[in-house]
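The values are calculated or read from the model by the stated rules, or taken from the named source; none is laboratory data. Remember, it's a predicted structure, so these values are computed and weren't measured experimentally. Here the Cβ is made from the backbone with ideal geometry for all residues, glycine too, and neighbour counts use every protein chain on show.
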Amino acid sequence: MPGIDDKRPFVPLKIAVLTVSDTRELADDKSGATLAERIEKAGHVVAGRAIVTDDVEKIRAQMRTWIADKAIDVVISTGGTGFTGRDVTPEAVEPLFEKRMDGFSTVFHMVSHPKIGPSTIQSRATAGVAGATFIFCLPGSPGACRDAWDEILVHQLDYRYRPCNFVELMPRLDETMRRPKAQGATA
């Protein structure tokens, strides 16, 4: 049965939050604030927070900066995953992936469907790994951020979660062992 193994230590991660929006500023960024609050409540560290406009090169530049930063373990973006002309987050980020995480989108839609019904198909939520950094691209609504964090990410970003989680994979994400072994991790 899946759940927390109390015999394992909690391993805090450094997580950056990127809001993609033409209209938001830090003061009214509800989705970014929702993620930051949940990250800290779970015991992790908000290692960076930024807002960029819906522009492929600006999104990519911020992602590349965080991917190159060895201190950042995870990047979560919010916004730009819809179908309008300005929604370009997947186009900006997916080319950076070394490995796609197709299951994330599937599970995200499974979580969303009971809450918003078939409207979940309007999201192009995506995830992958780049430079030994986990990247998750979420829709721009606080509800979607809550759902993704509360029902997927809080578990997969917790070393204690069994039967498996992303934290135990971190030391093995790349051949060069760019990252030191997560403190307390046995893998």
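Here are a few things to note about the model shown:
- Pairs with Cβ under 7 Å, 6+ apart, first in the stretch 53-70 and under 20 Å from residue 81 (Cα atoms) and at pLDDT 95 or above, second acidic (Asp, Glu) and crowded, with 16+ Cβ neighbours inside 10 Å: 54/87
- Residue that is farthest from residue 20 (Cα to Cα) [pool: residues in the stretch 113-157 that are assigned to a strand (DSSP E or B) and polar (S, T, N, Q)]: 133
- When 60, 24, 64, 38 are checked against the criterion of being part of a loop (DSSP other than H, G, I, E, B) and out of contact with any His (no Cβ under 7 Å at 6 or more places or on another chain), a single residue qualifies: 24.
- With respect to the conditions (1) buried (at least 17 other Cβ atoms within 10 Å of the Cβ); (2) modelled with pLDDT of 95 or more; (3) over 14 Å from the mean Cα position of the chain (by Cα), residue 166 lacks only one, and its number is (3).
- Pick from the stretch 124-151, criterion among the charged types (D, E, K, R) and farther than 21 Å from residue 14 by Cβ, ranking: surrounded by the most Cβ atoms within 10 Å (Cβ to Cβ): 147
- Candidates 20, 45, filtered to the one that is touching a residue at least 12 places away in the same chain (Cβ under 8 Å) and over 17 Å from residue 137 (Cα atoms): 45
- Summed over the stretch 20-72, the residues that are among the β-branched types (Val, Ile, Thr) and farther than 19 Å from residue 97 by Cα give a count of 8.
- Qualifying residue in the stretch 69-82 (condition: within 26 Å of residue 23 (Cβ to Cβ) and either over 15 Å from the mean Cα position of the chain (by Cα) or in a helix (DSSP H, G or I) (or both)): yes
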